[in-house]
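Only the coordinates and a few stated rules stand behind these numbers; no lab work does. For clarity, every value in this text was computed on a predicted model and none was experimentally measured. Don't worry about glycine lacking a Cβ; one is built from the backbone with ideal geometry, like all the others, and counts go over all protein chains shown.
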Amino acid sequence: MSEAKAPHQRGGYTEDVFAEELAEIGLRFEVDGEIATITLDRPDKRNAQTFATWSALARIGDILPEQVRVVVVNGEGPSFSAGIDLRMFTPEGVPGQGSFSSAARLDNASFEKLLEQAQQGFLWLRRPEIVSIAAVRGHAVGAGFQLALACDLRIVADDVKFCMKEPALGLVPDLTGTKPLVDLVGLAKAIDICLTARVVEADEAFRIGLAERVVAGGDLAKAVHDKAAQLLSTNRDAAAATKRLLQGAQGRTLEEQRAAEGAEQAQRLRALFAGGS
Ligand code: CAA
């Protein structure tokens, strides 16, 4: 993906200041026309994530330029992400961000608020107006696996290793990953993957529907770029309307889905024949 073009002014932040703040957290955010790229950029620590990572992801979601239709999430270095920063499990925690031992002392409401803020960093990646693609190489552990699951599509390198480590650490996956996992692979396979905390490699990931495509590591960027180009070849508003329909399909009856298709199509036809898009 190429470098950012035209700088944006966002509520007092210039792009340079925002980029500096992200760099301190270990993130990069680049916009090139209709494609935005988020890169976890702490390769020496295998792109381990902290509360600051999740807040920054949420902020990127808030300020995503309107023209963006495809968001690519990838990781610098050999691993997509080794999950939560293990310093969170120490009494000292991550400087300025506390630890699980301090989170454990919060009451339910305060904990829920803290977690909800973190989860916002993942949820926006499912917005109908965009398609998110996780470009995953190497390890995607715990929060790393869940970040990949937060995306609409996963294109993976042949060395990929997904692992839902949380149950092995006495925790549950809580960064919005459980629903997409069950939706993708089914309940039985999701139980198998999570409750054993075993590693899912490329062949299996493709076979069970976790990955749309597996490519050699050197071909990952091109495969993602090609998919982005395919996604950009369709009509922007029709794509968003179709994604809304597809996302709602599982929760609706056939009759409800039929009606939803009609409602979306009526809007499309009006827009098309009014000279819009
Ligand atoms: N947090 C902080 N630092 C980490 C890290 C993590 N999650 N994972 C790796 N690192 C650091 C290592 O400490 C090491 O640092 P130093 O060079 O300073 O010693 C560096 O990154 C490289 O690590 P490795 O040498 O281990 O790299 P590797 O390529 O041989 O192995 C790995 C990669 C298999 C991912 C391995 O690093 C590993 O198992 N990491 C821990 C994974 C883990 O348990 N994550 C937590 C999952 S649970 C979760 O995310 C959600 C939750 O709890 C709620």
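For the chain, give the share of DSSP beta bridges that are antiparallel, in percent and rounded to the nearest 5; count only bridges with both residues there.
Restricted to the chain, the bridges split so that about 35 percent are antiparallel.
Suppose R0 equals 25 Å; then what is the FRET efficiency for Gln257 and Val172 from their Cβ-Cβ distance, rounded to the nearest 0.05? Each step should come with its number before you reach the end.
On the way: r = 31 Å, r/R0 = 1.26.
With a Förster radius of 25 Å, E is 0.20.
Pairing the Cα long axis of helix 51-63 with the longest principal axis of the chain, what angle in degrees results, from 0 to 90 and rounded to the nearest 10?
20
Subtract the Cα-Cα distance of Gln230 and Glu66 from 0.36 nm times their separation in residues, and report this length gain in nm to one decimal.
57.1 nm is the gain from fully extending Gln230 to Glu66.
Give the angle, between 0 and 90 degrees and rounded to the nearest 10, that separates the Cα long axis of helix 254-273 from the longest principal axis of the Cα atoms of the chain.
So the inclination is approximately 60 degrees.
Asn108 to Arg244: FRET efficiency via 1/(1 + (r/R0)^6), r the Cβ-Cβ distance, R0 35 Å, to the nearest 0.05?
E between Asn108 and Arg244, to the nearest 0.05, is 0.60.
Give me the extension gain from Ser55 to Glu129: residue separation times 0.36 nm, minus the current Cα-Cα distance, reported in nm with one decimal. Walk me through the numbers before you get to the answer.
Working: separation 74, 0.36 × 74 = 26.64 nm, distance 2.11 nm.
Residue separation times 0.36 nm, minus the Cα-Cα distance, leaves 24.5 nm.
Would you mind ranking Leu232, Leu147 by Cβ crowding within 10 Å, fewest neighbours first?
Details: Leu232 15, Leu147 30.
Exposure proxy ranking, most exposed first: Leu232, Leu147.
Dipole of the stretch 9-233, Cα-centred, from +1 at each Lys and Arg C-beta and -1 at each Asp and Glu C-beta, to the nearest 20 debye?
Numbers: 23 positive and 32 negative charges, 107 e Å.
Once rounded to the nearest 20, the dipole reads 520 debye.
Charges on Cβ only, +1 for Lys and Arg, -1 for Asp and Glu, centred on the Cα centroid of the stretch 123-277; of Ala188, Leu175, Asn235, which one is farthest towards the dipole's positive end?
About the Cα centre, the residue reaching furthest to the positive side is Asn235.
How do Thr242, Thr53 rank when sorted from fewest to most other Cβ atoms within 10 Å of their own Cβ?
Exposure proxy ranking, most exposed first: Thr242, Thr53.
Taking springs between alpha-carbon atoms closer than 10 angstrom, which of Gly26, Gly170, Gly121 fluctuates most in the Gaussian network model of the chain?
So, out of Gly26, Gly170, Gly121, the one fluctuating most is Gly170.
Quick one: the Cα spread of the stretch 9-233 along its three principal axes, in angstroms, biggest first?
Largest first, the stretch 9-233 extends 50, 48, 32 Å along its Cα principal axes.
Using 1/(1 + (r/R0)^6) with R0 = 35 angstrom and r between the beta carbons of Ala188 and Asp158, what's the FRET efficiency to the nearest 0.05?
Taking R0 as 35 Å, the efficiency between Ala188 and Asp158 is 0.85.
Among Phe100, Phe29, Phe111, which comes first, then next, by fewest other beta-carbon atoms within 10 Å?
Details: Phe100 16, Phe29 22, Phe111 13.
Ranking Phe100, Phe29, Phe111 by Cβ neighbours within 10 Å, fewest first, gives Phe111, Phe100, Phe29.
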